[in-house]
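The values are calculated or read from the model by the stated rules, or taken from the named source; none is laboratory data. Just so you know, these numbers come straight off a predicted model, no measurement behind them. Positions of Cβ are backbone-derived with ideal geometry, glycine not excepted, and every protein chain shown enters the neighbour counts. Note: accessible area is taken over every heavy atom of the protein model, side chains too, but ligands, DNA and RNA are not part of it. Shrake-Rupley method; radii C 1.70, N 1.55, O 1.52, S 1.80 Å.
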Amino acid sequence: MVALSMADGYARLTSKPQCVIVHVDVGTQGLGAAIHNASCGRAPVLIFAGLSPYTIEGEMRGSRTEYIHWIQDVPDQKQIVNQYCRYSGEIKTGKNVKQIVNRALSFAMSDPKGPVYLLGAREVMEEDLEPYHLDQSFWHPVEPTALNPEAVETIAHALVNAQEPLVITGYSGRNHACVSTLVHLADTVKGLRVLDTGGSDMCYPADHRGWLGLRYAVDEAIRTADVILVLDCDVPWINTQCHPKEGAKIFHVDVDPLKQQMPVFYLKALRRYRADSETALKQLTEYTESESSGLKDKVSTKAFEERWQKLGEQHEAKLETIKSLAVAGDDGSYATSFLINRVRKACPQDTIWCIEAVTNTAFVADQLQATIPGSWINCGGGGLGWSGGGALGVKLASDSESGGPGKGKFVCQIVGDGTYLFSVPGSVYWIAQRYKIPILTIVLNNKGWNAPRKSLLLVHPDGAGSKVSNEEHNISFAPTPDYSGIAKAASGGECWAAHASTAEDLERLLKEAVEAVKAGRTAVLDAHLDGPQGKYGGGKAALVG
């Protein structure tokens, strides 16, 4: 779980494929929810697993030599993970092993990127080979695709002529260059707003007036927009909670518009196109700015300048509202908004945030207000526990890309208490210590799993379950584990560890934690949430806070 999450985080930050090696069927099963996360999160990772030897009498070098070789022999090992992979295959001879590995990587690195799985028996691994050369210049992923000219014209005219144009995205920020490309389009079509649905990466900077923040497919802008461009997004809205108004023109641009791994999916889109986000956005902007489009003069009119002015005012008001939520209680208690506001101020400006906050994600995103491409990486799927290994992988990647250990950016993991337990913290913090990978972990300790309660209330808002405590629901963490203590024990006592029960504790301990990480020591701060959260709900009764 931790190894694949690390590879996921490394690949997600760099877009370079990583490799994880596991032991036969049981090691494959040990990947757990991480394989789901890598698949949904589009992380290019090659997984290699051994296979029980298939000869018994010593007919070949590598024949069975241990009791466990019979126990770990299953009918079809690939089927354990096959549905999550872009490609799975068996290495049947060493004579074409380079071709098989390259084929798997071609799938992993072609959009939509994702995990691939190879396996091989010990007899094959023991095979003698004559060295051979494979020309790597012929092995590349599929090149990005573009919109056809008619599509560019159709979408551009719709956006420019809209009263409330909206872009809903989820993965476009994976390509860091795509962030500025989307900003360029919004600067050109003044009044265009962007909603990030939290697919995986920061897709739009919070300091731009078109920023609507990160919301899981529920926002008032979805209800009021008259033209919506869905851009590389798995879940732009949830129909039972929020959907576009009747008559809204919807266009879907995605590397996988059919969502081929989802049995049920559809959007009421007028047109859907298979295209690369950055390429499509450049086409739309260039066309809008061209003399031949007939749109260049229109977007320069006073009406668009007024929309630009109004957007700026709305953005300022939004930031003020977010700021107003970052308050502590009179008794020193605090909730997520106050905590993350202080974490943001304590950490370096170019910190990379690895987020797995589940029901607290919107509060975290609002307070962090990420602006640097690649600085926010969210778990790509629903398999809790990604962020422990994910943060280690991101830190390794940042250091490696910057010249070596300690030279990369500061990395902070923000994780819910239940999710922290899923991350296999014993392994995470042993690895952090063993391989000197310093990260800061902030545990959002609200003493239980709030997601199940929220899910229940969305279906039965006035049911019996709405009137009982977390203890009666069996979603309470009483007695509460010592989360930072777990990390300290796993690291052999080397990890910096502390609890922050009050706002005063938090201010003091955050500084210590950050300095510890800067000095090369992993730090875990257990933040006890029990304060005012603001308009979204908070404290003990919070559904989201």
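What the table shows:
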{"quantity": "Stokes-Einstein diffusion coefficient of region 190-324, Kirkwood radius over Cα pairs, 10 °C, 1.306 mPa s, in µm²/s", "calculated": "97 µm²/s"}
{"quantity": "Highest-first arrangement of 385-396, 302-313, where packing means the average Cβ count within 10 Å", "calculated": "385-396, 302-313"}
{"quantity": "Probe 1.4 Å, accessible area per residue of the chain, Å²", "calculated": "44 Å²"}
{"quantity": "D (Stokes-Einstein, µm²/s), Kirkwood Cα radius, region 2-159, 0.890 mPa s at 25 °C", "calculated": "141 µm²/s"}
{"quantity": "Cβ crowding within 10 Å averaged over residues, with 86-93, 459-466, 265-272 ranked highest first", "calculated": "86-93, 265-272, 459-466"}
{"quantity": "Using θ = phi - 60° and Karplus 6.51 cos²θ - 1.76 cosθ + 1.60, couplings along region 172-182 (whole Hz; Gly, Pro as x)", "calculated": "4, x, 4, 7, 4, 5, 6, 4, 5, 5, 5"}
{"quantity": "Average projected area [Cα convex hull, the chain], square nanometres", "calculated": "28.5 nm²"}
{"quantity": "Percentage, to the nearest whole number, of Cα pairs in region 335-463 over 22 Å apart", "calculated": "37 percent"}
{"quantity": "For region 8-17, 3J(HN,Hα) per residue [Karplus equation, 6.51 cos²θ - 1.76 cosθ + 1.60, θ = phi - 60°, Hz, x = Gly/Pro]", "calculated": "4, x, 4, 5, 5, 6, 9, 6, 9, x"}
{"quantity": "Compactness relative to 2.2 N^0.38 Å, alpha carbon Rg of region 392-545", "calculated": "1.18"}
{"quantity": "For residue 249, distant residues with modelled amide H under 5 Å away", "calculated": "227, 228"}
{"quantity": "Order by protection proxy (mean Cβ within 10 Å, highest first), peptides 114-122, 421-429, 346-354", "calculated": "114-122, 421-429, 346-354"}
{"quantity": "Listed residues 212, 284 arranged by accessible area, highest first, probe 1.4 Å", "calculated": "212, 284"}
{"quantity": "Nonlocal amide H pairs with residue 145, under 5 Å, H built at 1.01 Å", "calculated": "276"}
{"quantity": "Residues with amide H under 5 Å from that of residue 88, placed H, sequence gap 5 or more", "calculated": "117"}
{"quantity": "Size descriptor, Kirkwood hydrodynamic radius, that averages inverse alpha-carbon separations across region 165-258, Å", "calculated": "13.0 Å"}
{"quantity": "Carbon/sulfur fraction of accessible area - region 439-487, other protein chains in place, 1.4 Å, %", "calculated": "59 percent"}
{"quantity": "Convex hull volume per residue for region 411-495, taking Cα atoms only, in Å³", "calculated": "87 Å³"}
{"quantity": "For region 28-75, convex hull volume per residue from C-alpha positions, Å³", "calculated": "96 Å³"}
{"quantity": "Backbone HN-Hα couplings from phi across region 517-530 [Karplus 6.51/-1.76/1.60, Hz, Gly and Pro as x]", "calculated": "5, 4, 8, x, 10, 5, 10, 10, 10, 8, 9, 7, 8, 6"}
